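Before any comments, here is the structure.
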Amino acid sequence: MKYIGLLLSVVLTVVFLAPGKVLAGGEETGFLVVAPDRGYRGNEEILEITNAFQKTHLARLVFVTLQEDYAPQVKAKLHAAVKEIKTAGARGVVLLPLLLSPEDPHLKRVKALMGLESPRGTASEPSPVLPIRVAVTLGEDLLVAQVLEELASELSQNPSKERLVVVGWGATTPKEAEAIERTLQELAAQVKMDLPFAETHALVLYQGQAVVSEELLKKTNQAAKEALQRWAGDQGLRTLVVPFGPAWKHTGSMQFKRSVANMIKGLPVVFNGREALPHPNFLRWLNKTAAGYLLPQKSDLGIILMPHGSGTYHNEPILQAIAPLRSKYPIEVAWGMADVETLQAAIDRLEAGGARRILVLRVYDQSLSLKEDTEYALGLSRHHGGMEGMQRVRSGAILATRGGWDADPLMAQVLLERTLEVSQDPEKETVILLAHGAGSDEKDLFWLKQMQAQADYIQAHAPKRFKEVKAATLREDWPEKRKKAVEEIRKVVAEAGREGGLALVISNRIAGPGPYRKYLAGLDYVFNGEGIAPHPNLTRWLDREIRRWMDEVLQAARPLADSGMAQEGQVETIR
């Protein structure tokens, strides 16, 4: 820690980035990125991120030091940056803090110097007042937890027999240290979802002597060292130590990880010195956070269609149904069951094309199908549906998901057509809609309920009434439940064939016949294995769901258009 004073003596600098993309519609929003003055090498890392960010955003960057001697310069740089943003045409400013915690002293210093301390600003004051909003900090986002997870996974061998110790930096008071520690613990808790460590701990080191007293620095460093010794001394668990956060980094020998290395010297811990920065997730964080404050444009929206898919001959009719929509929307297809690899590739392609908000439309029979897994994969939920090895995507866009047509009349109409294609004498025919089914009894009952609504539609809209119209699920992927389901379905088919009757088995799938011939072998029935696709109604359903989402996104922003800011939140102002 002896080099911190030297590091912080570096004069605060501000980088004026060239104006980026000017937003359409006259609702320009500028971004003021604030970061700790980390020293030469650390600031170069921040510059690399913000230089990329400014290519698509009107942005300015200010490095902030906590040394009182430089407070006037800091204030001047901050106000000059806001003036530059306003001159470039912005009607509002969003402050993006490249800091882990809202209690970070750098953020508190910025708020104090910009007059943003009061709970309410005076946004109604006339020009040159400019509304300012303060965005959430890094530690509140999954993207940053993913960085920590990467660092921890490089050290981990068997998480259940390991403890993870995350070491942060930047406090000037015990209260700040506690807040930053809570943030680190929360990030570690998210990591535990994928790497189930036996224990997780967080430590926070303080600023150097140029900012805090020598007595406080000595006391807190000693406490941190004793904690590390205590954990390392417990041989029941392998101890992993990860330095984390945008900490000071001046030269190769003068940086935060060297201080951590000195503290653990001689201790039986695992440490490789890897740090959070540089990492592409920090640019993704800037892009995603900024997107929440920009008035959405149709050109910012991207679509990922997620059907299960299979081989070429199964996928082709689905692609035929999608084809007419490609000229209307930027569409990518991510086959599979919330597969992160295919989702990530689709997201990357859409983002490269300028997408800031992306819908993952689940092209499945049921709204419950893979809902939890998809939400988890997109970082929208901390709980998945039980699929093993689930990972999460990394994106600088705002992600959303919806889907599943349930008992939608559009699909019921297709099933009616498929039934009429094989029907000869409706009064003697029992129609059996046969579908995949779910493993969970609750979800399977939901599936059957939706299918029964489809069955009722067929009976109500057929030119002549059928003897019966029934719904059944095979529960294909669960052998014991499938065995019972097959027995029941075979009984229904056999019963339908008595006294001159006939069973019409209709494949209720997005495409293709499924495995139904195999399980109904030896029975007398008529089969239509066409499935839904490539029926125009599937195209209509996809188009409708895409338009609904787009309308929701675009209309939700309209009431805020007059403010020049596209998200609710506290508005502070400066002169």
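Each residue in VAL393, VAL34, VAL486 was given a count of other beta-carbon atoms within 10 angstrom of its own, and listing them fewest first yields VAL486, VAL393, VAL34. Taking a quarter of the surface of the Cα convex hull of the chain, what do you get in nm²? With the hull built on Cα positions only, its mean projection is 30.1 nm². Pair-distance distribution of the stretch 379-503: all C-alpha pairs, bin width 10 Å, starting at 0; shares per bin in whole percent are 11, 33, 29, 16, 8, 2, 0. Rg over Rh for the stretch 140-263 works out to 0.96, both radii taken from alpha-carbon positions and Rh defined as the Kirkwood radius.
When the alpha carbon gyration tensor of the stretch 296-404 is reduced to an equivalent ellipsoid, the three semi-axes, largest first, read 20, 19, 12 Å.
Using 0.36 nm per residue and subtracting the Cα-Cα separation, the extra length available between LYS518 and ALA76 on full extension is 151.4 nm. In percent, rounded to a whole number, the relative contact order of the chain is 15, using alpha-carbon pairs under 8 Å and six or more apart. From least to most packed, judged by other beta carbons within 10 angstrom and beginning with the fewest, TYR70, TYR376 follow the order TYR70, TYR376.
The count of lysine pairs in the stretch 140-263 with alpha-carbon distances below 24 Å, taking only pairs 8 or more places apart or on different chains, stands at 14. Think of each Lys and Arg Cβ as +1 and each Asp and Glu Cβ as -1; about the Cα centre, that makes the dipole of the stretch 296-404 roughly 460 debye.
For the stretch 411-495, the list of trypsin sites (Lys or Arg not before Pro) that fall in a loop by DSSP and count at most 14 other C-beta atoms within 10 angstrom reads LYS464, ARG465. Candidate cross-link partners of LYS111 among the aspartates and glutamates, defined by an alpha-carbon separation under 17 Å and a same-chain spacing of 8 or more, comprise ASP37, GLU68, GLU103, GLU176, GLU572. With a simple spin-label model that places each label point 7 Å from the Cα along the Cα-to-Cβ direction, the separation between THR312 and GLU417 comes to 2.6 nm. Shape summary: the stretch 219-264 maps onto an equivalent ellipsoid whose semi-axes, from the alpha-carbon gyration tensor, are 23, 12, 9 Å in decreasing order. A simple spin-label model places pseudo-atoms 7 Å from Cα toward Cβ; at HIS461 and ALA323 they are separated by 2.5 nm.
Charging the Cβ of each Asp and Glu at -1 and of each Lys and Arg at +1, and nothing else, the dipole of the chain about its Cα centre rounds to 960 debye. As a proxy for reagent exposure, ranking MET550, MET411 by other Cβ atoms within 10 Å from fewest up yields MET550, MET411.
FYI, it's all coordinate maths here, none of it is from the lab. Being a predicted model, the structure only gives us computed values, none of them experimental. Here Cβ is always computed from backbone atoms with ideal geometry, including for glycine, and neighbour counts include all displayed protein chains.
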